[in-house]
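Here is the structure we will look at, set down as structure tokens.
The values are calculated or read from the model by the stated rules, or taken from the named source; none is laboratory data. The shown structure was predicted, so the numbers you read here are calculated from the model rather than taken from an experiment. Cβ placement follows ideal geometry from the backbone for every residue including glycine, while neighbour counts extend to all protein chains displayed.
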Amino acid sequence: MNTTEQHKQEKHPLDVIEDLQSYAEEGLSFEEIEARAGGGEWERLKWAGMYTQKQDDFFMVRTKVPGGYLTPEQAEVIGQAATDFAVAPEEFGGEEQNELWGDAYLDITTRQDVQKHWIRVEDVPELWERYEDVGLTTIQGCGDSARNVLGCPAAGIDEEECFDAQPVIDAVTDFFTGNREYANLPRKFKMTITGCVHDCGQSQINDVGLVPARKELEGEHYYGFHARVGGGLSDGPRMASELDVFVLPEHAVEFCRAVAQVFKELGDRHNRGVCRLRYLVEQMGPETFEEAVRARCTVDLPTAGEGLTVGYRGDHVGVHDQKQPGLQYVGFNVIAGRMGGEEFAEAARAAKKYGTEETSIRLATDQNFLITHVPEENVEALLAEPFAQEYSPNPGPFSRGAVGCTGNEFCNYAIIETKQRTKRWARELDERIDVPDDVEVVRMHMSGCSASCAQPQIADIGFRGETVKLIGDATDGEGDELVEGMDVGLGGSLGTDNEFIDWIETAVPHHGVIPALERLFEVFAEEKHEDEPFYAWCRRVENDQLREIMQRADAPVARGVAHGD
């Protein structure tokens with residue numbers, strides 16, 4: 001049994017929630033917490049939705065938002081909490097600690113969560129109290145348990161939706177949150193549930209994905225779900241496998257419980273590197289795994305019916321009609337997912353001002369957000385609000401597709417800085433590259449390490465952080481320079497033509513990337529077929545040729561380059 005698993009067995013991870021209250025009341029430092037509870041407490045604190053960050057005595061706190069759905073009141077509380085608590089001390093730069101965002105900001109994540117940095121342990125009880133008043137929680141935002149359940153951010157309003165799956169998301173969330181029986185799994189457990197035909201919840205890269213389906217049962221047609229299991233990214237990426245089951249909406253909680261039960265019983269608790277559900281599905285095979293689920297499920301699982309998924313949409317940026325007559329929703333573009341807490345609160349207040357009683361804020365897996373239920377006659381005024389100028393629903397193609405992980409600003413694993421670089425690069429590329437008219441979005445995802453928090457494997461262009469040694473002219477190593485760089489991958493996508501990227505070029509110094517991309521898009525514009533997306537062109541062209549195109553750029557890609565020590 002590995003060390004992390006030992007810590008989880010010594011004390012149930014959910015017990016840390018009560019302990020945290022005493023740490024806060026006493027104002028304990030990290031050193032004092034570790035002296036009292038041992039090193040395993042940092043692992044258990046993840047069940048409270050808290051990660052230690054690189055700076056001692058400060059946490060990143062993750063707020064769960066099931067299906068990305070927030071009321072304006074909830075969104076305003078989240079924004080105000082960032083303004084009040086996500087504040088860097090002067091010794092770490094204070095209001096100047098981040099060149100682009102200053103201080104008191106929040107991050108929208110690829111799992112429809114909200115993350116805040118610089119949180120002190122003594123602030124957590126008040127944060128929780130504010131959250132409890134509006135029905136929010138951080139519990140099991142992290143840790144080896146059921147994480148935030150994903151869904152389509154346009155659930156209940158999209159014109160092409162089969163049915164609204166948000167009530168199912170809420171039911172599954174309620175079952176797993178605080179459930180001690182299923183809160184200590186071998187590893188994290190990620191689920192997505194959608195009634196949308198465009199698979200906005202990314203079922204193919206989740207442990208469990210429920211997507212819309214239809215089946216005739218006893219002479220009547222029913223809507224429900226088909227199930228996909230064992231998808232995931234990071235090291236060893238895998239597309240999910242289809243199970244031959246049809247899950248009625250009222251049976252979704254029990255089906256997800258049965259999958260979690262299989263994982264709990266059979267998942268590998270010894271080697272954390274291979275104990276995600278995707279490895280278990282791969283080891284058992286989808287058919288045997290399905291048998292194990294059926295054996296543990298207390299409801300009938302008919303065989304699969306007619307699948308209704310037609311592809312992958314990717315984002316909801318822009319102004320769109322709702323299926324409710326006279327109403328529209330607006331998808332705002334937040335490059336790399338980061339925005340000021342006060343700006344997020346302003347968006348919530350604008351939603352209340354220009355929307356209806358049903359108006360909501362929806363977080364999306366591409367780190368953007370929506371404001372729903374806006375009467376058509378109010379949309380123009382909403383778009384004139386100050387926050388809408390920065391987070392325009394009409395961005396350039398690179399800005400629209402830009403996703404970035406936390407990066408080495410706070411993360412202990414990240415090798416490179418990502419948030420500022422993603423925003424700067426996206427805007428610079430929009431200015432420098434004239435993409436073909438039929439290309440509305442270029443998905444450019446930047447992860448600071450191999451953990452894939454920014455999902456680079458499913459992007460048109462994926463980056464993975466590296467240190468790069470630029471070789472100088474001297475034979476003794478004098479003049480060599482160690483810089484931030486990245487591996488560059490091309491050609492990823494989800495949907496009916498899903499495929500992970502190929503890593504084309506390794507250890508590219510950061511200042512060589514934009515010239516290399518400029519050269520790639522010059523050739524793409526010359527050679528693309530009509531209506532051919534960038535990822536499809538990248539797959540059609542041989543990898544060696546793509547690499548040669550990048551290396552012809554006027555940049556140090558072709559210089560003597562090696563991985564850092």
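Odds and ends about this structure:
- Contact map, segment 420-441: residues that are touching a residue at least 60 places away in the same chain (Cβ under 8 Å) and closer than 19 Å to Asp366 by Cβ paired with residues that are part of a helix (DSSP H, G or I) and of a type in the set (D, E, K, R), Cβ distance under 9 Å, separation 6+ or inter-chain. Pairs shown: Ala426/Arg400; Leu429/Glu518; Val441/Arg400.
- Among the residues of segment 214-246, the ones that are among the small types (Gly, Ala, Ser) and buried (at least 22 other Cβ atoms within 10 Å of the Cβ) come to 6 in all.
- Candidates in segment 383-409 are the residues that are buried (at least 20 other Cβ atoms within 10 Å of the Cβ) and more than 20 Å from Asp315 (Cα to Cα); of these, the one that is nearest to the chain's Cα centre (by Cα) is Thr406.
- When the helices (runs of 4 or more DSSP H) confined to segment 1-88 are screened for residues that are not assigned by TED's automatic domain parsing to the domain that holds Glu342, those reaching at least 1 such residues are found at 3-10, 16-26, 30-37, 41-44.
- Any hit, segment 151-160, residues being without any contact (Cβ under 8 Å) to a residue 40 or more places away in the chain, of a type in the set (Asp, Glu) and not in a strand (DSSP E or B): yes
- Test: residue in segment 482-496 that is outside any loop (DSSP other than H, G, I, E, B), more than 28 Å from the chain's Cα centre (by Cα) and modelled with pLDDT under 95: yes
- Inspection of segment 316-327 finds a residue satisfying the criterion of being charged (D, E, K, R), in a strand (DSSP E or B), in contact (Cβ under 8 Å) with a residue 60 or more places away in the chain and assigned by TED's automatic domain parsing to the domain that holds Trp118.
- Where a residue in segment 239-254 is assigned by TED's automatic domain parsing to the domain that holds Arg278 and hydroxyl-bearing (Ser, Thr, Tyr) and its partner, wherever it lies, is assigned to a helix (DSSP H, G or I) and crowded, with 18+ Cβ neighbours inside 10 Å, with Cβ under 6 Å and at least six apart: Ser241/Val281
- Residue match in segment 364-375 (condition: over 21 Å from His320 (Cα atoms), in contact (Cβ under 8 Å) with a residue 40 or more places away in the chain and either surrounded by 24 or more Cβ atoms within 10 Å (Cβ to Cβ) or under 23 Å from the mean Cα position of the chain (by Cα) (or both)): no
- Sub-7 Å Cβ pairs linking a first residue in segment 405-419 that is assigned by TED's automatic domain parsing to the domain that holds Ser447 to a second residue that is of a type in the set (Lys, Arg) and surrounded by 24 or more Cβ atoms within 10 Å (Cβ to Cβ), at least 6 apart or interchain, are Gly407/Lys419; Glu409/Lys419, ordered by first then second residue.
- Residue in segment 250-297 that is farthest from Asn184 (Cα to Cα), counting only those that are among the polar types (S, T, N, Q), assigned to a helix (DSSP H, G or I) and within 27 Å of the chain's Cα centre (by Cα): Gln283
- When residues in segment 263-291 are screened for being out of contact with any Pro (no Cβ under 7 Å at 6 or more places or on another chain), surrounded by 20 or more Cβ atoms within 10 Å (Cβ to Cβ) and of a type in the set (A, V, I, L, M, F, W, C), 4 of them pass.
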